[in-house]
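Contents: one structure, followed by commentary.
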Amino acid sequence: MRKSRALASAGAAVAVLGLAAPVAVADGGGDFSPSNIVALPSAIARGGQLSITVDGCPDGGHATSNAFPRTELRPSHGGGGTARGIATVDFDARAGSYDITVHCSGRSLTRPAAFTVLGGVRGGLGGSSTDGATPTDIAIGGGLVTAAVAAGGVFWMRRRAEKQI
């Protein structure tokens, strides 16, 4: 009697799994659309390379943004519908957040503020932002020179006094 119950339970389990398998295959082999756009690193300097990964893009596609030219996305091996690509950020891209739009399988998806381009520093002559010294710079420099002359005079007078003794 115990064997018959165990056999009945095993048969019921096989029947349930047998009926569920075709449904799972039908769901997995159907219609793909892009989802889950990931851009790494999330903050990048001008001219840097950005890695883009997209789920639901088994045949590849392309990604676009105002910060880089059209970039091809290629299917990843064993990725289960994932596509990847490397984009190079333009050297003249302005600092700020940028969207990425992905086109694959005849559909499009946009991820707002997917990555941020970092601002650069003003290069050239020491990174200065003005031409010449400001009145504050002149006052500070003049004060330092005056303090140095006064300290030198005090030192010289003390040395002179010690020689007379």
- Query: Which number in (1) at pLDDT below 95; (2) open to solvent by 60 Å² or more (accessible area, probe 1.4 Å) marks the one condition that Gly153 misses?
  - Reply: (2)
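Let's see how each residue does on (1) part of a loop (DSSP other than H, G, I, E, B); (2) over 13 Å from Phe115 (Cβ atoms); (3) β-branched (Val, Ile, Thr):
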residue	(1), (2), (3)
Arg46	yes, no, no
Leu50	no, no, no
Pro58	yes, yes, no
Ala63	no, no, no
Ala67	yes, no, no
Gly78	yes, yes, no
Gly81	yes, yes, no
- Message: So for segment 67-88 (the condition being modelled with pLDDT of 95 or more, of a type in the set (A, V, I, L, M) and open to solvent by 30 Å² or more (accessible area, probe 1.4 Å)), does at least one residue qualify?
- Response: yes
- Task: Specify which of the listed residues (Gly120, Gly143) is surrounded by 10 or more Cβ atoms within 10 Å (Cβ to Cβ) and modelled with pLDDT of 80 or more.
- Result: Gly143
- Query: Could we say that Ser42 is open to solvent by 50 Å² or more (accessible area, probe 1.4 Å), at pLDDT below 75 and not aliphatic (A, V, I, L, M) here?
  - Reply: no
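The values are calculated or read from the model by the stated rules, or taken from the named source; none is laboratory data. Remember, predicted model here, so these are calculated numbers, not experimental data. Note that we place each Cβ from the backbone using ideal geometry, even for glycine, and neighbour counts take in every protein chain shown. Side chains are part of the model used for accessible areas, which takes the heavy atoms of the whole protein and leaves out ligands, DNA and RNA. Shrake-Rupley method; radii C 1.70, N 1.55, O 1.52, S 1.80 Å.
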